[in-house]
Amino acid sequence: MHEILMQIENCRREMVVLAMQTSYSDSKVIEASTKLDHLLNEYENLKKPEASAAC
């Protein structure tokens, strides 16, 4: 779980830096945002079994 959280944080930072260097509508920023979305979805899916096990 720690690995995915590190990937999320690194991707978020990369996206912010890219956006500051270019614009929010730049294709590289959109690509980074899409990657971040996928990582966040993966993280949420990993959390689901833990939430079920807690009940």
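The values are calculated or read from the model by the stated rules, or taken from the named source; none is laboratory data. The structure displayed is predicted, hence computed values, not measured ones. Note: ideal-geometry Cβ built from the backbone for every residue, glycine included; neighbour counts use all protein chains shown. Heads up: the accessible areas ignore ligands, DNA and RNA and are worked out on the full protein's heavy atoms, side chains in. Shrake-Rupley method; radii C 1.70, N 1.55, O 1.52, S 1.80 Å.
Just checking, does the stretch 24-38 include any residue being of a type in the set (S, T, N, Q), touching a helix residue (DSSP H, G or I) at 6+ places or on another chain (Cβ under 8 Å), open to solvent by less than 70 Å² (accessible area, probe 1.4 Å) and in contact (Cβ under 8 Å) with a residue 12 or more places away in the chain? Within the stretch 24-38, one or more residues are of a type in the set (S, T, N, Q), touching a helix residue (DSSP H, G or I) at 6+ places or on another chain (Cβ under 8 Å), open to solvent by less than 70 Å² (accessible area, probe 1.4 Å) and in contact (Cβ under 8 Å) with a residue 12 or more places away in the chain.
Among the residues in the stretch 41-55, are any outside any helix (DSSP H, G or I) and at pLDDT below 95?
Here is the first cut: in the stretch 41-55, the ones outside any helix (DSSP H, G or I) are 55.
Narrowing further to those that are at pLDDT below 95: 55.
Yes, the stretch 41-55 has at least one match.
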